[in-house]
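The values are calculated or read from the model by the stated rules, or taken from the named source; none is laboratory data. Because the structure is predicted, anything quoted here is derived from the model rather than measured. Cβ placement follows ideal geometry from the backbone for every residue including glycine, while neighbour counts extend to all protein chains displayed.
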Amino acid sequence: MLAVHFDKPGGPENLYIKEVPKPSPGEGEVLLKVAASALNRGDLLQRQGKYPPPPGASSILGLEASGHVSELGPGCQGHWKIGDPVMALLPGGGQAQYVTVPEGLLMNIPKGLTLHQAAAIPEVWLTAFQLLHLLGDVQAGDTVLIHAGASAVGTAAIQLTRMAGAIPLVTAGSKHKLQMAEKLGAAAGFNYKEQDFSEATLKFTKGAGVNLILDCIGGSYWEKNVNCLALDGRWILYGLMGEEDVSGPLFSKLLSKRGSLITSLLRNRDKKYKQMLVKTFTEQILPHFSKERPQPLLPVVDRVYPVSEIQAAHEYMEANRNVGKIVVDLPQ
């Protein structure tokens, strides 16, 4: 089969398409014939040598994919049949023509969605759902500050926050991105390049601050985050797109707010946790993607690249130009 490959860590120019052995499904696994796979920040970090796959996972890039069930491994207990259209959460391997998936990490594709849209759901929507509900305990009436509001996780988090009856606020770096976030339901957006988002957030909340912060930036935002955090607020760190280091009285300021700092990654969670997450998401959220719903959830796809243009796809994401997902199309 064909797969995205790189021989040494580095820039997008190191990526190329290589013929590699097709995997075989093991106990309780399904072989997925991949139609599309979405690009994630984790793919860029892995290519740079900064984010290795978990032990036992494929070294091929790709944390989510859509396609059709091609083969059932021994011991499969689920309801999947050969030919079923599905989408999958993966620890790696999605940017190839075939990938093996534990049957419990597959999801049906909501009616009316394309395979490209489906590929844009698993990793980011499960991440946003986990951050808001399992870790952040979001409640109706809460105010939620979502950094990188026009990113894939950001666009999902805005919609899930609204669905929970909470109020989403976002940061982004351009007028276009803020407009997109507001179209998706953000109550307000702040351009971090032009204003202090912390002060703008406090003004919006009349000094109360936000109950929950979803932060993929890290060190460079810590002081502003704590400044606009409400008493007993939850600050969830799930990425380090900004600085990794912190300089200053973080703990004393966080303590004065009685704030909680929670960190999370999804890729290196164990299979049992991921299966629980997929099951819960499938039951509680997946039906809301149906276009028959009054206000259906929408996976936002920015661009679709053929896998032969994988270098350009990485360059586009590294330049922070995308609003929502970048999807990679695999040859059939």
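So which residues in the stretch 109-141 are touching a residue at least 24 places away in the same chain (Cβ under 8 Å), of a type in the set (S, T, N, Q) and out of contact with any Pro (no Cβ under 8 Å at 6 or more places or on another chain), if there are any at all?
At the first step, the residues of the stretch 109-141 found to be touching a residue at least 24 places away in the same chain (Cβ under 8 Å) are 109-113, 115-141.
From the residues that got through so far, the ones that are of a type in the set (S, T, N, Q) too are 117, 127, 130, 139.
T127, Q130, Q139, listed by residue number.
Would you mention how many residues in the stretch 267-293 are surrounded by fewer than 12 Cβ atoms within 10 Å (Cβ to Cβ) and assigned to a helix (DSSP H, G or I)?
Residues flagged as surrounded by fewer than 12 Cβ atoms within 10 Å (Cβ to Cβ) and assigned to a helix (DSSP H, G or I) within the stretch 267-293 amount to 2.
Need at least 1 residues that are assigned by TED's automatic domain parsing to the domain that holds D215 and more than 19 Å from L237 (Cβ to Cβ) per element, so show me which strands (runs of 3 or more DSSP E) inside the stretch 120-202 make the cut, counting only ones lying wholly within it. Give the derivation first.
Values: elements: 143-146, 167-172, 188-191.
It comes to 167-172, 188-191.
Of the conditions (1) at pLDDT 95 or above; (2) surrounded by fewer than 18 Cβ atoms within 10 Å (Cβ to Cβ), P296 fails just one. Which one is it?
Unmet condition: (1).
Would you confirm, using the coordinates I've provided, whether D245 is free of Cβ contacts under 8 Å to residues at least 60 places away in the same chain, in a strand (DSSP E or B), charged (D, E, K, R) and more than 26 Å from L298 (Cβ to Cβ)?
Details: free of Cβ contacts under 8 Å to residues at least 60 places away in the same chain: yes; in a strand (DSSP E or B): no; charged (D, E, K, R): yes; more than 26 Å from L298 (Cβ to Cβ): yes.
Against the criterion (free of Cβ contacts under 8 Å to residues at least 60 places away in the same chain, in a strand (DSSP E or B), charged (D, E, K, R) and more than 26 Å from L298 (Cβ to Cβ)), D245 does not qualify.
Would you mention how many residues in the stretch 182-216 are farther than 21 Å from E243 by Cβ and among the hydrophobic types (A, V, I, L, M, F, W, C)?
We begin by selecting, within the stretch 182-216, every residue farther than 21 Å from E243 by Cβ; these are 182-189, 200, 202-212.
Filter once more, so that each one left must be among the hydrophobic types (A, V, I, L, M, F, W, C): 184, 186-188, 200, 202, 204, 208, 210, 212.
Total meeting the criteria: 10.
Results for (1) small (G, A, S); (2) touching a strand residue (DSSP E or B) at 6+ places or on another chain (Cβ under 6 Å), shown as yes or no for each residue.
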| position | (1), (2) |
| --- | --- |
| A120 | yes, yes |
| W125 | no, no |
| L135 | no, yes |
| S151 | yes, no |
| I167 | no, yes |
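Against the condition touching a residue at least 40 places away in the same chain (Cβ under 8 Å) and of a type in the set (K, R), how does K33 come out, does it pass? Let's see the steps before the verdict.
On the way: touching a residue at least 40 places away in the same chain (Cβ under 8 Å): yes; of a type in the set (K, R): yes.
Considered against the rule, which asks whether it is touching a residue at least 40 places away in the same chain (Cβ under 8 Å) and of a type in the set (K, R), K33 comes out as yes.
What's the number of the only condition in (1) within 15 Å of the chain's Cα centre (by Cα); (2) surrounded by fewer than 24 Cβ atoms within 10 Å (Cβ to Cβ) that A152 fails to meet?
Condition not satisfied by A152: (2).
Tell me whether the stretch 303-316 contains one or more residues that are closer than 20 Å to H147 by Cα and either surrounded by 14 or more Cβ atoms within 10 Å (Cβ to Cβ) or in the same structural domain as A172 (by TED's automatic domain parsing) (or both). Don't jump to the end; show me each part of the working.
Quick first cut of the stretch 303-316, residues closer than 20 Å to H147 by Cα only: 316.
The next check asks that each one be either surrounded by 14 or more Cβ atoms within 10 Å (Cβ to Cβ) or in the same structural domain as A172 (by TED's automatic domain parsing) (or both); those that pass are 316.
Within the stretch 303-316, one or more residues are closer than 20 Å to H147 by Cα and either surrounded by 14 or more Cβ atoms within 10 Å (Cβ to Cβ) or in the same structural domain as A172 (by TED's automatic domain parsing) (or both).
Table: residues versus (1) over 18 Å from V323 (Cα atoms); (2) more than 21 Å from the chain's Cα centre (by Cα).
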site	(1), (2)
A157	no, no
P168	no, no
K183	no, no
K206	yes, yes
W222	yes, yes
E244	yes, no
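Kindly indicate whether G185 is small (G, A, S), under 30 Å from L90 (Cβ atoms) and without any contact (Cβ under 8 Å) to a residue 60 or more places away in the chain. It would help to see each step written out before you state the result.
On the way: small (G, A, S): yes; under 30 Å from L90 (Cβ atoms): yes; without any contact (Cβ under 8 Å) to a residue 60 or more places away in the chain: yes.
The answer is yes for G185.
Looking at (1) within 16 Å of T155 (Cβ to Cβ); (2) surrounded by 18 or more Cβ atoms within 10 Å (Cβ to Cβ), find the lone condition where S198 falls short.
Failing condition for S198: (1).
So, restricting to strands (runs of 3 or more DSSP E) that lie completely within the stretch 1-98, which ones have at least 2 residues that are crowded, with 16+ Cβ neighbours inside 10 Å?
Working: elements: 2-5, 16-19, 29-38, 64-72, 85-89.
Correct list: 2-5, 29-38, 64-72, 85-89.
When you check E199 against the structure, is it of a type in the set (D, E), modelled with pLDDT of 95 or more and more than 19 Å from the chain's Cα centre (by Cα), yes or no? Spell out the reasoning first.
On the way: of a type in the set (D, E): yes; modelled with pLDDT of 95 or more: yes; more than 19 Å from the chain's Cα centre (by Cα): yes.
Considered against the rule, which asks whether it is of a type in the set (D, E), modelled with pLDDT of 95 or more and more than 19 Å from the chain's Cα centre (by Cα), E199 comes out as yes.
Return the total of residues in the stretch 238-265 being within 21 Å of A200 (Cα to Cα) and crowded, with 16+ Cβ neighbours inside 10 Å.
4
Given the criteria in contact (Cβ under 8 Å) with a residue 60 or more places away in the chain and assigned by TED's automatic domain parsing to the domain that holds G83, does S58 qualify?
Values: in contact (Cβ under 8 Å) with a residue 60 or more places away in the chain: no; assigned by TED's automatic domain parsing to the domain that holds G83: yes.
So S58 fails the test.
Looking at the stretch 229-236, can you tell me whether even one residue there is outside the structural domain of T143 (by TED's automatic domain parsing), surrounded by fewer than 18 Cβ atoms within 10 Å (Cβ to Cβ) and out of contact with any Phe, Trp or Tyr (no Cβ under 6 Å at 6 or more places or on another chain)?
The answer is no; no qualifying residue exists.
Determine if the stretch 303-315 includes at least one residue that is closer than 14 Å to L126 by Cα and in contact with a helix residue (DSSP H, G or I) (Cβ under 7 Å, 6 or more places away or on another chain).
No, the stretch 303-315 contains no residue that is closer than 14 Å to L126 by Cα and in contact with a helix residue (DSSP H, G or I) (Cβ under 7 Å, 6 or more places away or on another chain).
How many residues are surrounded by fewer than 24 Cβ atoms within 10 Å (Cβ to Cβ), in contact with a helix residue (DSSP H, G or I) (Cβ under 9 Å, 6 or more places away or on another chain) and of a type in the set (D, E, K, R) if we restrict to the stretch 118-149?
Number of matching residues: 1.
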